[in-house]
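Asker: Dropping the structure in here first, questions after.
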Amino acid sequence: MRIKVVVPVSTSKWNEIIREQYEAYKDPETEIDIINIKKGPESITSEYDEAWAKLFALREAEKAEEEGYDGVILYCGMDPALEAAKQALTIPVVGIAEPSLHLVFQLGKKLAYVGPGGKGVDTDKNYITVAEEGKYGLPPPVSRRYGVAMERPVLDIFEKMDEIKEGMLNAAKKAIEEDGADIVYANCGALIEPVKYLKENLDVPVIENSAVALKTLEMIIKLGLSQSKKAFPKPPKKKRLM
């Protein structure tokens with residue numbers, strides 16, 4: 001089984017921690033290649049960044065089918081280009097958020113998002129709004145908290161790892177104790193070490209989205225399944241310039 005992991009940013013700074021995570025969780029026969037996009041943002045923290053990354057991530061996913069891979073992981077918590085990739089590919093493709101959020105609501109009922117936030121966030125505040133909707137047809141979260149305010153909350157993870165770990169733990173505890181959360185999820189795929197820290201120090205389930213994506217894709221491949229072409233029809237051929 002060969003899996004291509006597309007990390008849709010133009011830096012490889014997280015590739016090694018992703019590889020270590022996947023070596024620990026993968027089935028023995030699974031081969032994994034991790035690549036980055038050659039053009040695009042160095043991190044994805046906004047819809048603007050996501051728009052920059054989508055086309056380049058999609059092209060790498062399409063190349064995976066041509067290269068003989070059995071499946072693709074689009075490795076970002078915003079699931080960039082996932083819908084388009086499901087349409088374009090016949091081999092299975094997953095993001096890291098969609099399978100993880102479905103698992104969340106198999107294991108819990110009240111979801112808390114936690115993570116580092118941008119400059120100026122209030123670490124004592126629950127940022128959930130009354131009108132917030134859930135993703136992928138799932139219930140909305142009850143809590144969205146940020147453990148630490150950072151100028152660059154993804155790019156500076158390694159430099160501020162201890163601060164992020166403690167901040168996210170405090171945020172998760174507030175989400176559980178004050179907001180009623182019974183399961184915790186960190187959306188960003190770069191937060192592998194902080195998420196492990198939460199798992200060691202909380203008494204509710206903590207979802208590792210990177211691992212969930214891998215095990216979900218391995219299962220889909222082993223079952224001989226892929227996304228439905230009735231649900232995700234292949235786009236018609238036409239001239240497309242870039």
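Asker: From Cα pairs below 8 angstrom and at least 6 apart in sequence, can you work out the relative contact order of the chain, rounded to a whole percent?
Answerer: Here the relative contact order equals 21 percent.
Asker: I've got another one for you. Under 8 Å for C-alpha pairs, at least 6 residues apart: give me the relative contact order for the stretch 109-204, rounded to a whole percent.
Answerer: RCO, the stretch 109-204: 38 percent.
Asker: Report, in degrees rounded to the nearest 10, the 0 to 90 angle that the Cα long axis of helix 209-222 makes with the longest principal axis of the chain.
Answerer: Long axis of 209-222 versus the principal axis of the chain: about 30 degrees.
Asker: In degrees from 0 to 90, rounded to the nearest 10, what is the angle of the helix 161-179 Cα long axis to the longest principal axis of the chain?
Answerer: 70
Asker: Among A112, A85, A231, determine the one that fluctuates most according to a GNM of the chain built with springs between C-alpha atoms less than 10 Å apart.
Answerer: In the Gaussian network model the winner is A231.
Asker: Moving on to the next point. Summing +1 for each Lys or Arg and -1 for each Asp or Glu, what net charge is found among the other residues whose Cβ lies under 12 Å from the Cβ of P235?
Answerer: Net charge around P235: +4.
Asker: State, to one decimal in nm, how far the label point of R152 lies from the label point of S228, with both points 7 Å from Cα in the Cβ direction.
Answerer: 4.4
Asker: Divide by every residue of the chain the summed helix terms, -39500 (n - 2.57) for each DSSP H run of at least 4, and state the resulting mean residue ellipticity at 222 nm, rounded to the nearest 500 deg cm²/dmol.
Answerer: That calculation yields -12000 deg cm²/dmol at 222 nm.
Asker: With the cut-off at 1.5 for a/c, could you classify the chain from its C-alpha gyration tensor as rounded, prolate or oblate?
Answerer: Taking the square roots of the gyration eigenvalues as a ≥ b ≥ c, the chain is prolate.
Asker: Rounded, prolate or oblate: which one fits the stretch 183-242, using the alpha carbon gyration tensor with axes a ≥ b ≥ c (rounded when a/c is under 1.5, else prolate when a/b beats b/c, else oblate)?
Answerer: Prolate is the answer for the stretch 183-242, as a/c is 1.5 or above and a/b outweighs b/c.
Asker: Continuing with the same structure: For the pair I35/E159, report the inter-label distance in nm, with labels modelled 7 Å from Cα in the Cβ direction.
Answerer: 3.1
Asker: Moving to a separate point now. With springs only between Cα atoms under 10 Å apart, run a GNM on the chain and tell me which of K173, K230, K215 wobbles the most.
Answerer: K230
Asker: Same structure again: Work through the residues other than K165 whose Cβ is under 11 Å from its Cβ and net out their charges, Lys, Arg +1 and Asp, Glu -1.
Answerer: Within the 11 Å Cβ shell, the charges total -3.
Asker: Right, something else. Using only Cα atoms, find the angle between the long axis of helix 15-25 and the longest principal axis of the chain, and express it within 0 to 90 degrees, rounded to the nearest 10.
Answerer: Roughly 90 degrees, rounded to the nearest 10.
Asker: Remind me, relative contact order of the stretch 69-125 in percent, using alpha carbon pairs under 8 angstrom and six or more residues apart?
Answerer: Result for the stretch 69-125 is 31 percent.
Here, each number is a calculation from the coordinates, and none is a lab measurement. Quick caveat: nothing in here was measured; it's all calculated off a predicted structure. Backbone-built Cβ (ideal geometry, glycine too); neighbour counts: all protein chains shown.
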